[in-house]
Ligand code: NAD
Ligand code: IPM
Ligand code: MN
């Protein structure tokens with residue numbers, strides 16, 4: 001039989017709340033594919049793992065992750081663990097997982113996943129309408145993974161990049177840029193760095209250009225300093241439609257800006273993958289861009305859409321179930337749009353609605369089942 005191994009790490013605070021909805025949706029997706037057997041295992045990460053094992057992720061969980069086809073990951077962290085020493089913070093669990101799986105490219109798409117979400121953006125519709133870019137964030141290097149020195153009077157993170165790390169990330173950005181847009185064109189790749197100041201950025205820029213001109217001469221590559229890109233993303237976001245190729249730290253910050261553009265961090269998905277997409281199934285970690293949102297956890301109102309869209313990416317990249325991925329993406333869109341037009345409120349409060357996490361999950365399941373005619377229309 002066609003078997004897929006999935007490890008689910010629910011994490012902390014809203015993590016388990018949104019993971020529950022994603023798994024419910026996955027069960028419905030699986031109903032329509034009896035030929036595929038999905039083995040699901042569960043494990044702990046973050047604060048919940050610290051509480052159970054004294055570690056943000058155990059070696060056993062890391063090995064389980066390594067032998068799975070994909071990891072569905074909830075968000076981690078919270079005030080309970082804020083005072084833990086640096087190497088024992090919940091967030092370290094995620095970094096260890098990314099490193100263990102060598103999930104070196106973090107793909108973070110930003111667009112309006114439903115047309116009616118445009119009204120939720122804090123920006124004027126004429127500025128933000130049509131925004132559509134994918135951030136490719138280097139995920140296993142840079143300041144996050146360089147050696148650290150942490151003492152009473154000094155703290156330092158070595159921000160280092162090596163040729164091979166930049167080349168492989170550039171190949172992922174290029175592969176995504178090659179996938180033609182609706183108008184059939186290849187996408188522009190925007191390289192964001194601080195080559196005016198940082199040595200690690202100068203090698204980033206140099207190797208990125210070398211790789212593109214050697215391997216992808218047909219693609220257009222443009223440089224933009226990361227700080228001015230942050231400004232321009234707010235002022236004229238559609239300028240960057242295409243691929244944003246950037247380092248770990250800048251990608252983290254630019255992807256939260258993209259949540260601001262869309263109007264809620266709660267809808268953005270991410271995929272951290274370990275090989276170039278389009279060259280067979282890749283292993284990956286699928287998590288929402290947002291954090292554990294301790295301020296709203298326990299109330300049942302966290303938006304599950306970012307997590308369920310991450311499941312869409314999982315189906316597409318790791319399970320090679322692209323028809324199901326598209327069908328699920330459409331179902332999410334129908335649910336979000338129907339609430340706006342028909343006042344049914346199948347949206348969580350971050351999107352101006354009054355639905356619960358569970359109601360959004362249920363609606364997505366129902367629309368998926370009904371073959372995406374809106375069941376409410
Ligand atoms: P956050 O992303 O958790 O929350 C920022 C704001 O967005 C909050 O007001 C929150 O309520 C809102 N928000 C986030 N997700 C939402 C959702 N699904 N639905 C509705 N509203 C949502 O960022 P933070 O508060 O700065 O960080 C909280 C904790 O999360 C920290 O410990 C941080 O390290 C951790 N964190 C984890 C991840 C991850 O696990 N991938 C990512 C970022 C931050
Ligand atoms: C993210 C998060 C993580 C990061 C943290 C929790 C390690 O902010 O996935 O964006 O900084 O990469
Ligand atoms: Mn982040």
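Listing for the model above:
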{"quantity": "Taking N as its residue count, the alpha carbon Rg of the chain over 2.2 N^0.38 Å", "calculated": "0.95"}
{"quantity": "DSSP beta bridge pairing in the chain, given as percent antiparallel to the nearest 5", "calculated": "40"}
{"quantity": "Most fluctuating residue given options 86, 141, 291, as computed from a GNM of the chain linking Cα atoms under 10 Å", "calculated": "86"}
{"quantity": "Kirkwood hydrodynamic radius (C-alpha pairs) into Stokes-Einstein, region 122-262, 25 °C and 0.890 mPa s, D in µm²/s", "calculated": "156"}
{"quantity": "Residue of 56, 109, 294 that the Gaussian network model of the chain assigns the largest fluctuation, springs spanning Cα pairs under 10 Å", "calculated": "294"}
{"quantity": "Relative contact order for the chain, counting Cα pairs under 8 Å that sit 6 or more residues apart, in percent", "calculated": "21"}
{"quantity": "Shape call, region 110-195: gyration tensor on alpha carbons, a/c limit 1.5", "calculated": "oblate"}
{"quantity": "Radius of gyration and Dmax over the Cα atoms of region 235-301, both given in Å", "calculated": "14.5, 42"}
{"quantity": "Distance histogram in 5 Å bins (all Cα pairs of region 3-47, percent per bin)", "calculated": "6, 20, 27, 24, 13, 8, 3, 0"}
{"quantity": "Most to least packed among 173-181, 281-289 [average Cβ atoms within 10 Å]", "calculated": "281-289, 173-181"}
{"quantity": "Antiparallel DSSP beta bridges within region 120-230, percent to nearest 5", "calculated": "40"}
{"quantity": "Gyration tensor over alpha-carbon atoms, region 211-356, equivalent ellipsoid semi-axes in Å", "calculated": "29, 21, 15"}
{"quantity": "Relative packing of 266-276, 142-152, 235-245, which averages over residues the other C-beta atoms within 10 Å, highest first", "calculated": "266-276, 235-245, 142-152"}
{"quantity": "Cα-derived Rg over Rh, computed across region 30-129 with Rh taken as Kirkwood radius", "calculated": "1.11"}
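Each reported figure results from applying straightforward, stated rules to the coordinates on display, with no laboratory input. What you see is a predicted model, and the numbers here were worked out from it, not measured in a lab. Here Cβ is always computed from backbone atoms with ideal geometry, including for glycine, and neighbour counts include all displayed protein chains.
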